[in-house]
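Take a look at the structure set out below.
Rule-based calculations on the coordinates, nothing more; no lab input. Source: prediction; values computed, not measured.
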């Protein structure tokens, strides 16, 4: 009986070691540039699966062999920074006076026709100082009722393709030159300068390369999860991985261009946000975190799922800020759900010099 217990313990310990190894591979993959190694970038999406598996092993070992719980605990601690990127645990703090409220929201082109009023009501209720919208129709905020609301909220509007910046702060330059890789229709970047307390603040609104998964393909993926037929799993998985890898390759080049742009303006105070189509454990997030501070990592709590499609549990919308700012109470607002994304809101306070 003792030998059998030792054998089972060894098997479970080996399985635990394998899940730790895969967890570390997911984290290490964030160093692989998707432009060169697109398939490795897809591996990062498995991070929450192996993290959860190791948490389960912690519970298992605590029940059956407590001293072995150190194995998954130390393994998780070794990649603790990634864990906190993915699921920060910053309790809600009181928001100090004088904060700016920034909202980043991919509207998914959902607010047209009669739905326009829903977005306008939300803008009125949120009353953010700076609003960065992605995937929004050119005409949405050009209708008479929209213009009247923007005037009443004292917003200036800057628009480029499907990206919009609404700002109560005076826009002093609406043509910040961008690298070619970021100047695209549909996916790309919109950058402008606004005035804040006698200084300039750069706003950078992004919508990086989409994964291009159609509604039918999403439905097929969900059906696969409900009914994991072997042939269906193989074909759907191959299709999904292929699309994710192709999009990641384009996005990797965009991220590199964006980082070069940030380097060129590193002396500026800046807020960078948008739909990056990448999770907190990714090449995109790691590279941007080298230049800026993630607001959700600094003042968010939990996983913060910003993509609201059932079966796709990810946070792909992010807000970053330069080191001269501090974020407070960054959160995902689930009260508005016509789009396939939820808005991310964060209160930002300029640090004293």
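Helix content alone sets the calculated 222 nm mean residue ellipticity of the chain: runs of n ≥ 4 DSSP H residues at -39500 (n - 2.57) each, divided across all residues, give -13500 deg cm²/dmol. Size descriptors for segment 2-86, from the alpha-carbon set: Rg then Dmax equal 14.6, 52 Å. Comparing mean-square fluctuations of 153, 292, 73 from a GNM of the chain with C-alpha springs under 10 Å, the top value falls on 73. Normalised by the number of residues in the chain, the mean separation of alpha-carbon contacts (under 8 Å, six or more apart) gives a relative contact order of 22 percent. Per residue, the convex hull spanned by the Cα atoms of the chain measures out at 158 cubic angstrom.
Shown for segment 47-197 is the translational diffusion coefficient from the Stokes-Einstein equation, using the Kirkwood radius over Cα pairs, a temperature of 37 °C and a viscosity of 0.692 mPa s: 171 µm²/s. Restricting attention to the chain, close to 75% of DSSP beta bridges with both partner residues there are antiparallel. Mean projected area of the convex hull spanned by the Cα atoms of segment 125-177, taken over all viewing directions: 3.9 nm².
Anisotropy class assigned to segment 43-92 is prolate, per the alpha carbon gyration tensor with a/c at or over the 1.5 cut-off and a/b larger than b/c. For the chain, the longest principal axis of the C-alpha atoms and the axis of helix 2-28 are separated by about 20°. The equivalent ellipsoid that matches the C-alpha gyration tensor of segment 147-206 spans semi-axes of 21, 16, 7 angstrom, in descending order. For segment 30-135, the fraction of C-alpha pairs farther apart than 25 angstrom is 56 percent. The long axis of helix 116-126 is offset from the longest Cα principal axis of the chain by roughly 80 degrees. The angle between the Cα long axis of helix 47-64 and the longest principal axis of the Cα atoms of the chain comes to about 40 degrees, rounded to the nearest 10.
Here the relative contact order of segment 2-86, from alpha carbon pairs under 8 Å that lie six or more residues apart, stands at 27 percent.
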